[in-house]
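Before any comments, here is the structure.
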Amino acid sequence: MENFKGQPRLPKFAVPKRYDLQLKPDLSACKFAGSVSIDVDIVAETRFIVLNAAELSINPGSVSFSPRNSSKVFDPKKVELVEEDEILVLDFAEALPLGLGVLAIGFEGILNDRMKGFYRSTYEHNGEKKNMAVTQFEPADARRSFPCWDEPSFKAKFKITLDVPSELVALSNMPVIEEKVNGPLKTVSYQESPIMSTYLVAYVVGLFDYVEDHTSDGIKVRVYCQVGKANQGEFALKVAVRTLELYKDYFAVPYPLPKLDMIAIPDFAAGAMENYGLVTYRETALLYDEQHSAAANKQRVATVVAHELAHQWFGNLVTMEWWTHLWLNEGFATWVSYLATDSIFPEWRIWTQFLDELTDGLRLDGLAESHPIEVEINHAAEIDEIFDAISYRKGASVIRMLQSYLGAECFQRSLASYIKKHAYSNAKTEDLWAALEEGSGEPVTKLMNTWTKQKGYPVVSVKFKDQKLEFEQSQFFSSGSLGDGQWIVPITFCCGSYDKKKSFLLQTKSENYDVKEFASDSNKSAWIKLNVDQTGFYRVKYDEELAARLRYAIENKYLTPTDRFGILDDSFALCMARQLPLTSLLTLMGAYREELDYTVLSNLISITYKVGRIAADARPELMDNINQFFINIFQYSAEKLGWDATQGESHLDSMLRGEILTALAMLGHKETLSEASRRFDAFLKDRNTPLLPPDTRKAAYVAVMQTVTSSNRAGFDSLLKVYRETDLSQEKIRILGSLPSCPDQGIISEVLKFSLSPEVRSQDAMYALAVSKEGREVAWTWFKENWDLILKTYGSGFLITRFVSAVVSPFASFEKVKEVEEFFANRSMPSIARTLKQSLERVNINANWVKSIQAEQNLGEAIQELAYRKY
């Protein structure tokens, strides 16, 4: 018995083959009863059966094992649920016969309010508050709904039956085969599923409307949402049908199930979940309202739908063997969702926007407290924390790097053979590399192991000397410290023109490359750009001469948006790591004053926020000039776009307008603040006014909050009124994300209090944590005072990590590190351990950066000159 405790994985002496599951949820009492008969193959001698169960009460009298070839029934002499290991141990008096048998278990459970397992979500129907019952089983919560072998490699078939109130809709992975109504209840039976992992099982019970369409090969696709919102599902439906057809061709395997349902759930912890044939979503990730959704919302819906549907092949049909290989699921689905979105909406230039994913991956992976893409998992509690920017974004970025290196066609061909080979089973990272190696003849395993088995990435320094380029790689840390990692780096570079592109693998610490052919007298001053189109997962540091040439190339618009993005982002990272003075970064930023590309400007905006915060901590007396300089940078694009959309303008301009105006509002630009105020007043009188369409609403809300104070709070109260009156999640989140930008500490305190009130769904509270720099201390005090409540509400899921990082990371003093460490000394737990270390590392990085800016010579004069330079 003791042998089974404290183990990361279940013993393998019994293997489930098929589950026959019956559940009866009680939506008013918030509980459920169930029974399961599991076809089990006893493959090694044992008198124990060990499977997963958590927060269930097991009826010991209902537990029995009946071997297939015998009339004897085995009843366990002991049934023990070990809550801390989430296992159910059945101890029989004698060894069980080898071969197939049926394990029967009766149980009861709670429909919890923690957005995991079998849980309840609330909604309003005709003014009445109601419960729906929903599942969220990934990573390890099917065990909260029924006893099972809750690991991805124990794939089995599922036959599900639900007893539910007869007026409700009841959905599961497979189509309904029979509904028997018996008075107030009905019994709904579903087709048996193909072989699949427990984390992909799903069922939802509630009141819903739907819209429906079919793919060209007859797959029925539906989008379900709350009654009265069906038309908001039309856009996602259209995307889903086209995406399924696209993936069928790309993977060379048809969609494996007879139907696909997608459903919007009001209370939902993640963005969406790829349950086989029944994909669940937050409302913001599935619903699109022509009247009140912004262009950014539309794009979010398309990319999330494409991501989840990619999983139907990559994850559901072929499943990772264990959570160490989670990145295979998530990194791949992230990468391929861009491929699909680009195919359906080429005008969105989504591959340029992919750089946001790349940057997020680089930012987290520049920490000493990062982790390798393939990470050891020793306890179920550790899984949640690796659903992070490494698994998703670094994962997607190294796949993009590899595809770029091998070529699109060869990559696609090899993928199709990988999926065929491992369909309906499990795979490891090595299996994908083997397929790509076989298809390409390249040493994929050797190359990729350097990217997946060690954390971090290199910065490649490049110097131009004696007609040679000197390349040197070293591990990059945002802290500026030195690491000893080494990678096989696919280097690409262009000199003076995109026609002249060179590539090679940097396999050693350093290498020289002869560029005589490029260095003719006529282009001695030609720009040289490494990591063309940012396809490589690394940073580049140029010597001063090369950096000056690139600045000139940016000003003269010689470079592509992806390359302009990369130069800016690498320079910002090097400045944070104290390898580039702030003066140099600001001078480079000045070269972007005529920038109009959405993705480049969006990154420039987020860099101004971060630099502004650090500079305010380091040299508060320079902030007027710094803000003036930033306003100057955005003036050109703001004047081009204005507040009002033009007929037939691009999707990207619609997104950019809102971001530029929000930035100007945050920088205190007077004209923006007063225009925002005028338009907001018109919006309060008429919610459909053309003066404030969805794309510029957030900008107006942020502008309003800049001037709100405890004694002048009309704008804040008006926003709360709009929040309370809208039933559109996207609108609520726009408001929630704007409120904490207020510089007034009393208001920030109210906003944080509001975030934990019943008026804010618990999945959305984190939007209110993005507080202004003036609000950091208030947020930290609030966090400490409310820790017990936060722990109770979020303690068992990944959302608690968002609280820790949002509240801790923005600080920039060594004293604060000590204070946070003291607070968590007796409050830490496995599910936040990694996030806490990462957040404290960020505070140390910020503190060192502040020190280096304080020591920077002539910074004041340089900023004065930049702020008032006439172009």
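The values are calculated or read from the model by the stated rules, or taken from the named source; none is laboratory data. Note that this is a predicted model, so its numbers are computed, not measured. Positions of Cβ are generated from backbone atoms using ideal geometry, with glycine treated the same way; all protein chains shown enter the neighbour counts. The protein model used for the area step is the full one, side chains on, heavy atoms only, and it has no ligands, DNA or RNA in it. Shrake-Rupley method; radii C 1.70, N 1.55, O 1.52, S 1.80 Å.
Can you give the Rg to Rh ratio of segment 207-455, both from alpha-carbon atoms, with Rh computed by the Kirkwood formula?
On the way: Rg = 17.9 Å, Rh = 18.6 Å.
So for segment 207-455, dividing Rg by the Kirkwood Rh gives 0.96.
Put simply, when 271-284, 242-255 are sorted by average Cβ atoms within 10 angstrom per residue, most first, you get 271-284, 242-255. Cβ-Cβ distance of D356 and A408, R₀ of 25 Å, FRET efficiency by 1/(1 + (r/R0)^6): the value works out to about 0.70.
How high is the FRET efficiency from E821 to Y609, r the C-beta distance, R0 45 Å, rounded to 0.05?
0.95
Judged by the mean number of other Cβ atoms found within 10 Å, the most tightly packed of the peptides 333-339, 464-470 leads the ranking 333-339, 464-470. Cross-link reach is defined here as a Cα-Cα straight distance under 23 Å, omitting same-chain residues fewer than 8 places apart; for K501 the lysines meeting it are K463, K465, K468, K509, K516, K524, K529, K541, K557. The alpha carbons of the chain give a radius of gyration and a Dmax of 28.2, 93 Å, in that order.
Axis angle, to the nearest 10 degrees, between helix 350-365 and the longest C-alpha principal axis of the chain: 80 degrees. For the residue pairs K685/K732; K24/K77; K157/K420, alpha carbon separations beyond 24 Å are given by K24/K77. Can you give me the Cα centroid spacing of segment 308-355 and segment 53-117 in angstrom? So the separation of the two Cα centres works out to 37 Å. Only lysines eight or more places from K816 in sequence, or on another chain, were considered; those with a Cα closer than 18 Å are K773, K784, K837, K851. Of the peptides 693-702, 720-729, 232-241, the order by per-residue mean of other Cβ atoms within 10 Å, starting with the highest, comes out as 693-702, 232-241, 720-729. The long axis of helix 623-641 is offset from the longest Cα principal axis of the chain by roughly 80 degrees.
Computed from backbone phi with θ = phi - 60° and the Karplus coefficients 6.51, -1.76 and 1.60, the 3J(HN,Hα) list for segment 712-728 is 9, 10, 4, x, 4, 5, 5, 5, 5, 5, 4, 4, 6, 8, 8, 10, 9 Hz; x is used for glycine and proline.
What size of dipole, in debye to the nearest 20, comes out for segment 363-435 about its Cα centre when the only charges are +1 on Lys and Arg C-beta atoms and -1 on Asp and Glu C-beta atoms?
In debye, rounded to 20, segment 363-435 gives about 540.
The charge dipole of the chain, taken about its Cα centre with unit charges on the Cβ of Lys, Arg, Asp and Glu (plus for the first two, minus for the last two), comes to roughly 200 debye.
Our coupling estimate for segment 594-604, obtained by passing each phi through the Karplus curve with A = 6.51, B = -1.76, C = 1.60 and θ = phi - 60°, is 10, 5, 10, 6, 4, 5, 5, 5, 4, 5, 4 Hz, Gly and Pro reported as x. Find how many whole Å separate the alpha carbon centroid of segment 357-372 from the alpha carbon centroid of segment 146-207. Here the answer is 39 Å between Cα centres. Toward the positive end of the charge dipole of the chain, with +1 on the Cβ of Lys and Arg and -1 on the Cβ of Asp and Glu, the farthest Cα among M766, V176, L278 is that of M766.
Could you look at the chain and say what percent of its accessible area is carbon and sulfur, using a 1.4 Å probe and all protein chains? It would help to have the intermediate numbers written out before the result.
Numbers: 15880 of 32900 Å².
Result for the chain: 48 percent of the exposed heavy-atom area is carbon or sulfur.
The length gained by stretching the chain between E80 and E124 to full extension, at 0.36 nm per residue less their Cα-Cα distance, is 11.8 nm.
FRET efficiency for K837 and D213, Cβ-Cβ distance as r, R0 = 51 Å, nearest 0.05?
Numbers: r = 47 Å, r/R0 = 0.93.
My answer for the efficiency is 0.60.
What's the local net charge at S425, with K and R +1, D and E -1, over the other residues with C-beta under 13 Å away? If you can, show how the numbers build up before the last one.
Values: positive: K155, K420, K421, K428; negative: E321, D431.
Charge balance near S425 sits at +2.
Straight-line cross-link partners of K229 among the aspartates and glutamates, defined as a Cα under 14 Å from its Cα and at least 8 positions apart when in the same chain: E124, D209, E212, E283, D289, E290, D727.
Taking every DSSP helix (H) stretch of at least 4 residues in the chain, weighting each as -39,500 (n - 2.57) and dividing the sum by the residue count yields a mean residue ellipticity at 222 nm of -13000 deg cm²/dmol.
Of the residues S337, F630, V704, the one whose Cα sits farthest toward the positive end of the charge dipole of the chain, with +1 on the Cβ of Lys and Arg and -1 on the Cβ of Asp and Glu, is F630.
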